[in-house]
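Peer 1: Quick one: the structure is below, questions incoming.
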């Protein structure tokens, strides 16, 4: 039989771990996507709306 | 210009993903700071207030359990509104919003289930019972997982958007079932004690930290949701740029 405090600590620990995981996922996902966009930009691939030189448009 | 048409224009301005990204960049640091601040106050109150005369220390589990459960339902409601946005108004960000919300909702539903279990063991003497409240929240958790799986199974967002929007709306029937399950059926879970027509029946000593924590969790949700929406817009841009690059490469090969 666990003490009451152990249940409270376990609850807060699970909550902290889940929220931390969620925040970490959002941050790393954002960083990876931003890096991909920069790589595409560096390769000269730009969105059509982002001022493509005249003549390249379809 | 009348006030309502101005409001409509402001809203449709948000439909432009580029505008949304600019807004997200501006809003996110403030929202994150505010979330941290309210969490600091909420956590301090959660441990500074007294324990319950019957439940003792375990009453503190309530301050994470109830806000998680509240978010699990609010997140699904946000998804349902987004699904309407996809089907009725064809708002370009509606599907982005629904898709970004699903993993966040799944996490908070998971938290509500686990903390509920950890509270149930010392207070009810059991980790789990298949009563109406617990079962309907478990079904909500499965629905979140199903929607995430569906989103991942379909590569093309424009095709998966309408399918998942219809599924989200069908699943919305579960939300009132969860809310009223404790009144319609005889459950081990207690009936509502905060959001009731005749006002809260819970002592202010517990209500204060509970409300601050609920606000903190809600702010956390919107911070994460806006950030996840921004990620989803970037993900779609990367995909469309890669398609564009592949098309261009194909054209160069065809024309000598």
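The values are calculated or read from the model by the stated rules, or taken from the named source; none is laboratory data. None of these values were measured; they are calculated from a predicted model. Every residue, glycine among them, receives a Cβ derived from its backbone with ideal geometry; neighbour counts consider all protein chains shown.
Peer 1: Right, residue B:127: surrounded by fewer than 24 Cβ atoms within 10 Å (Cβ to Cβ), away from chain A (no Cβ under 12 Å) and either closer than 15 Å to residue B:139 by Cα or at pLDDT below 95 (or both) or not?
Peer 2: No; evaluated as a whole, the condition is false for this residue.
Peer 1: When you go through (1) touching a residue at least 40 places away in the same chain (Cβ under 8 Å); (2) under 17 Å from residue A:17 (Cα atoms); (3) buried (at least 22 other Cβ atoms within 10 Å of the Cβ) one by one for residue B:76, which number turns out not to apply?
Peer 2: In the conditions (1) touching a residue at least 40 places away in the same chain (Cβ under 8 Å); (2) under 17 Å from residue A:17 (Cα atoms); (3) buried (at least 22 other Cβ atoms within 10 Å of the Cβ), residue B:76 misses (2) alone.
Peer 1: Spot the failing condition for residue B:64; the list is (1) under 14 Å from residue A:15 (Cβ atoms); (2) surrounded by fewer than 20 Cβ atoms within 10 Å (Cβ to Cβ), and only one is missed.
Peer 2: (2)
Peer 1: Would you check which residues across segment A:1-20 are surrounded by fewer than 15 Cβ atoms within 10 Å (Cβ to Cβ) and farther than 16 Å from residue B:222 by Cα and list them?
Peer 2: A:1, A:2, A:3, A:5, A:6, A:13, A:16, A:17
Peer 1: I've got another one for you. I need the full set of residues from segment B:81-114 which are away from chain A (no Cβ under 14 Å), in a helix (DSSP H, G or I) and out of contact with any helix residue (DSSP H, G or I) (no Cβ under 6 Å at 6 or more places or on another chain), in order please.
Peer 2: Answer for segment B:81-114, where residues must be away from chain A (no Cβ under 14 Å), in a helix (DSSP H, G or I) and out of contact with any helix residue (DSSP H, G or I) (no Cβ under 6 Å at 6 or more places or on another chain): B:81, B:84, B:88, B:89.
Peer 1: Based on what the data block shows, is residue B:38 under 30 Å from residue B:123 (Cβ atoms) and touching a strand residue (DSSP E or B) at 6+ places or on another chain (Cβ under 8 Å)?
Peer 2: Criteria not met by residue B:38.
Peer 1: Related question: When segment B:127-145 is examined, which residues are found to be outside any helix (DSSP H, G or I) and in contact (Cβ under 8 Å) with a residue 40 or more places away in the chain?
Peer 2: Once the filter is applied, which keeps residues that are outside any helix (DSSP H, G or I) and in contact (Cβ under 8 Å) with a residue 40 or more places away in the chain, segment B:127-145 yields B:129, B:131.
Peer 1: Does residue B:164 meet the test of being more than 14 Å from every other protein chain (Cβ to nearest Cβ), modelled with pLDDT under 90, surrounded by 13 or more Cβ atoms within 10 Å (Cβ to Cβ) and in a helix (DSSP H, G or I)?
Peer 2: The answer is no for residue B:164.
Peer 1: Another question, then. Within segment B:48-58, how many residues turn out to be facing another protein chain (nearest Cβ under 9 Å) and either farther than 15 Å from residue B:118 by Cβ or in contact (Cβ under 8 Å) with a residue 40 or more places away in the chain (or both)?
Peer 2: Total satisfying the criteria: 3.
Peer 1: Further, regarding this structure: Is it the case, given these coordinates, that residue B:224 is surrounded by 14 or more Cβ atoms within 10 Å (Cβ to Cβ), at pLDDT 95 or above and farther than 24 Å from residue A:32 by Cα?
Peer 2: no
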